[in-house]
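Notes follow once the structure below has been shown.
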C-alpha cells in the first residue's frame, strides 16, 4: 500500500456569486490546486468529486480538458468532500494512479435546504409545512446534550463568536464581521436553544486538493502534507436523521465516535497529538458535541474549555481557525475540502493572520453527514 501526500490545495471563496455556475467555481478551485502543486491537469490520472445541487461533477472535465481519466462522483451529504478525499487517496494507495484530484462544489439557493425535497424523494408539501428543516434536529440534539451535561447557552454563543472572529481573518469567508456573544444570544431563536447567529447558512463555493504517492511528493513540493488517515463510518443503530420526525440522540450511537477512533488508530496518534482542528459546526451546538465525540474532551468539559479560550487560534486546541461553517457558510459538497485546505495552510505556516503559533504539525478534520455518515481526515507534516 502506498502512502499519500497532498501537494496542492485550492479554494474558491465561499459566499454568493450571482450567475457564476458551480462548475465554474469547481474548475477554478482545481486550477488553484494544480498551480499550488506545480502540475497540470494533463498530469492527473484520477479524480473524484461531489455536490448536493449538481448531480454529477464529472462534466468539470469539459472545462479542464477531456483527458479520458476515471472520474468518480460521490454524495454523502455534509461528508461528501471528505468522501471524495477518501476515494482519491484510496486510488493512490492501491496503485491505480500516482496523482489524483478531489473536488467539492455547490451552489445552494437561500433558505434551510427546503427548496428541493425531491432530492431525497420527498413531496413538496413536506418542505412547505416545515418538516424538512434541518435546524429542528440540531436544536433538539443540543438541547438534550445541554440538559445532560450542564452546558449553557453562553457557551454556544462563545463558539459562534469565536468562529465569526476567525472569519474576519479569512479573506475567503462568507461572513467577515465579528458578532459579540451578547448579540448572538439576543438574536431571534430559530430552534431552541439555537439562535439565528448560532447557525451556518447555505451558500456557494468550491475546494480541491491534489494528492500524489508520498514517495514522489518531493518532485512537486518542498512542503508535502501527508494523509495519515481518511476514515468514513456510519451509525450502528437508531435513525440519526435530520429529515424525519424521530431522531435518536444517544451519544454512543454517533458515527463520529467510530470514525474518530478508527482514524486515530490508522494514524497511530491520539487526540493529545493534534495541533489544529476543524470540526463540523453546522450550528454552535454541533461544535460543542463534536469536541467530545472526537476525543478532545469529556462530555461537559466544553463549558470550561470555551471559557478559558482553549479553542481560540492562540489556545491550546485551536478549532475552526478559518471561521468554520458559521463564518464560511456551507456549500455542502465543498465543506470538507474547505476544512482540509485550511489545515494544509496551517501546517505549511501559510495561514496569515489566523496562523496558529508554534508551528503546528498535525491537523484533524471531521464532518458529519445526515442521516448518519461521519468522516475524519488526519494530516501531518
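Here are the numbers:
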{"quantity": "Any hit, the range 68-80, residues being modelled with pLDDT of 95 or more, assigned to a loop (DSSP other than H, G, I, E, B), touching a helix residue (DSSP H, G or I) at 6+ places or on another chain (Cβ under 6 Å) and on the phi > 0 side of the Ramachandran plot", "calculated": "no"}
{"quantity": "Pick from the range 178-202, criterion over 24 Å from residue 78 (Cβ atoms) and out of contact with any strand residue (DSSP E or B) (no Cβ under 9 Å at 6 or more places or on another chain), ranking: surrounded by the fewest Cβ atoms within 10 Å (Cβ to Cβ)", "calculated": "182"}
{"quantity": "Residues of the range 142-166 satisfying the condition of being at pLDDT below 95 and crowded, with 23+ Cβ neighbours inside 10 Å", "calculated": "142"}
{"quantity": "Selection count where residues are surrounded by fewer than 24 Cβ atoms within 10 Å (Cβ to Cβ) and either touching a strand residue (DSSP E or B) at 6+ places or on another chain (Cβ under 6 Å) or at pLDDT 95 or above (or both), scope the range 254-292", "calculated": "17"}
{"quantity": "Condition broken by residue 35, with the remaining ones in (1) in contact (Cβ under 8 Å) with a residue 40 or more places away in the chain; (2) in a helix (DSSP H, G or I) satisfied", "calculated": "(1)"}
{"quantity": "Conditions (1) crowded, with 24+ Cβ neighbours inside 10 Å; (2) at pLDDT below 95: number failed by residue 251", "calculated": "(1)"}
{"quantity": "Selection count where residues are farther than 21 Å from residue 144 by Cβ and either crowded, with 24+ Cβ neighbours inside 10 Å or without any contact (Cβ under 8 Å) to a residue 24 or more places away in the chain (or both), scope the range 293-317", "calculated": "6"}
{"quantity": "Identity of the residue in the range 350-372, in contact (Cβ under 8 Å) with a residue 40 or more places away in the chain and on the phi > 0 side of the Ramachandran plot, that ends up surrounded by the most Cβ atoms within 10 Å (Cβ to Cβ)", "calculated": "372"}
{"quantity": "Failed criterion for residue 63 (all others in (1) modelled with pLDDT under 95; (2) surrounded by fewer than 19 Cβ atoms within 10 Å (Cβ to Cβ); (3) part of a helix (DSSP H, G or I) hold)", "calculated": "(1)"}
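The values are calculated or read from the model by the stated rules, or taken from the named source; none is laboratory data. Computed from a prediction, not measured in an experiment: that's the story for all the values here. So basically every Cβ, Gly included, is an ideal-geometry build from the backbone, and we count neighbours across all protein chains shown.
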